[in-house]
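Inspection log for the structure reproduced underneath, given as structure tokens.
The values are calculated or read from the model by the stated rules, or taken from the named source; none is laboratory data. This is a predicted model, so every value here is computed, not measured. With ideal geometry, Cβ positions are generated from the backbone for all residues, glycine too; neighbour counts draw on all protein chains shown. The area values use the complete protein model at the heavy-atom level, side chains included, leaving out ligands, DNA and RNA. Shrake-Rupley method; radii C 1.70, N 1.55, O 1.52, S 1.80 Å.
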Amino acid sequence: MGRKIKNRPDHGGKNQYQELNVLLHQIQDQRLRSGQTLNSIAKLYDKNSLEQKSFPSYKTKLKSLISNSMCETQQEIEIIQKALNKISKMENKAAGQESSSGTTPATAARQTSSQQPRKTMRRGFFMTLLQQKANQLPTWNGPKIETPAALTGTVPADSTYICNPGDDVAALCDDVADDNWILAEVYLYNSNTNKYQVKDIEEDERGENSDKHTLSRRRVIPLPLRKLNPATHGHLLFQSKHKVLALYPQTTCFYPATIHKPPETEHETISHVYDNYYAEGYAPPLPVPQRYVLDFKDKKRK
């Protein structure tokens, strides 16, 4: 068996930062060019207004400047999208490195102190980490006419998609209290049996020996890797009254719920859902991040 090499220089990561730095400078340069063209349009308009005449040359020049401005704006959008895609790849790579080294939200909570803190404090910090992980999910900012990539908000994974070790998923386990869908971490995927082994993320957080659950692919749902932007792809968000599975706040269990109100802006990164386990009817609306709201799947236990 090969020995794992620690502290090896990540030249690939360094190149990624260099490429991102180049893109950021390109965005700045492009924005300056766009600003100059817009200033030229404004000056030409002001000059024509003072003269109170519209010469043919004015209209021709104005059309040319507007056309240039539209091209420059599109070029700026394309560069920004490249930068956003680069950042997304870097974040996903960093998340993969943390998973491969065993640094999950649960282990991070255990490493914060050399002494065993009180369980309530550890759990509170763990829940905060889960919330931060959801808030830091990158936003898909592609053009409105472009279909977002798989695992962006409500866009499901392809039927052939296989989760990677360390990925967070919703898992349907028989031997968990009430047979709930739980937040779990993929341990491995066996291509011979087409089954996953997953770990209950909360057992890992408590420092217990987390038993591995062997599950078919039907009983594992990958979580979104990106958020949808309501301004450009609001039509793809779960709409009011849509049935979903939602992570109940301050727990690691998913429950059937109904969308009350989808997010309206990019910065409002939550979907309001309400749970229907109350005897008197629906519970009050609760905020849940996009990462933890999944299309409802009443899967049979196979």
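Observations, loosely collected:
- Some residue of the stretch 268-280 being in contact with a Pro (Cβ under 6 Å, 6 or more places away or on another chain) and at pLDDT 90 or above: no
- Within the stretch 235-253, residues that are over 21 Å from Ile182 (Cβ atoms) reach partners that are at pLDDT below 90 and charged (D, E, K, R) with beta carbons closer than 8 Å, at six or more positions or on different chains, in the pairs Ser240/Lys261.
- Applying the set (1) part of a loop (DSSP other than H, G, I, E, B); (2) without any contact (Cβ under 8 Å) to a residue 12 or more places away in the chain to Gln132 leaves exactly one unmet item: (1).
- Failed condition for Leu245, given (1) in a loop (DSSP other than H, G, I, E, B); (2) open to solvent by less than 10 Å² (accessible area, probe 1.4 Å): (1)
- Restricting the stretch 120-157 to residues that are closer than 20 Å to His235 by Cα and of a type in the set (D, E, K, R), the residue that is surrounded by the most Cβ atoms within 10 Å (Cβ to Cβ): Glu146
- Residue match in the stretch 175-190 (condition: in a loop (DSSP other than H, G, I, E, B) and among the charged types (D, E, K, R)): yes
- Residues in the stretch 140-162 that are within 14 Å of Ala231 (Cβ to Cβ) and at pLDDT 90 or above: Pro148, Gly153.
- Tally of residues being within 30 Å of Leu130 (Cβ to Cβ) and either of a type outside the set (Val, Ile, Thr) or not in a helix (DSSP H, G or I) (or both) across the stretch 56-95: 13
- Tabulated pairs, the stretch 211-222, first among the hydroxyl-bearing types (Ser, Thr, Tyr), second not in a strand (DSSP E or B), C-beta under 8 angstrom, 6+ apart or interchain: Ser216/Asn194; Ser216/Lys302
- Hey, Ser54 modelled with pLDDT of 70 or more and of a type in the set (Gly, Ala, Ser) or not: no
- Residue tally, condition open to solvent by 40 Å² or more (accessible area, probe 1.4 Å), within 13 Å of Thr154 (Cβ to Cβ) and outside any helix (DSSP H, G or I), over the stretch 213-236: 1
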